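These notes concern the structure reproduced below.
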Amino acid sequence: MSDLFKAEAKRLADYLSRVHGVKLKHASLLEAVAHLHGRADWNTLLAAGPVAPAMPTQEACSASSGAGVG
């Protein structure tokens, strides 16, 4: 599960850098992802077990972009 959270942190970093020119440390991004999931910090998020992603995965975005077309 931590791989999904780390992927969310990477997508958040990419977005903030590309769109807003903001660069954050990886640890800060992991803490932000924890807060997006309603947890106090990264360690609490990991200890909480499975939770739904706060942001859709790349695969989910790709799959839904074609929904309803046709």
For this session: Could you figure out which of (1) assigned to a helix (DSSP H, G or I); (2) open to solvent by 70 Å² or more (accessible area, probe 1.4 Å); (3) touching a helix residue (DSSP H, G or I) at 6+ places or on another chain (Cβ under 6 Å) isn't true of K23?
Result: (1)
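Of the residues L46, L4, which is open to solvent by 50 Å² or more (accessible area, probe 1.4 Å), in contact with a Pro (Cβ under 9 Å, 6 or more places away or on another chain) and at pLDDT 70 or above? Reasoning before the result, please.
Values: L46 fails: in contact with a Pro (Cβ under 9 Å, 6 or more places away or on another chain).
It is L4.
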Problem set entry | Scan of segment 32-43 for residues that are in a helix (DSSP H, G or I) and open to solvent by 70 Å² or more (accessible area, probe 1.4 Å), ordered by number | H35, L36, N43
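The values are calculated or read from the model by the stated rules, or taken from the named source; none is laboratory data. Worth saying up front: this structure is predicted, and the values here are computed from it rather than measured. For neighbour counting, all protein chains shown are included, and Cβ atoms are generated from backbone atoms with ideal geometry for every residue, glycine included. Accessible surface areas use protein heavy atoms only, side chains included; no ligands, DNA or RNA. Shrake-Rupley method; radii C 1.70, N 1.55, O 1.52, S 1.80 Å.
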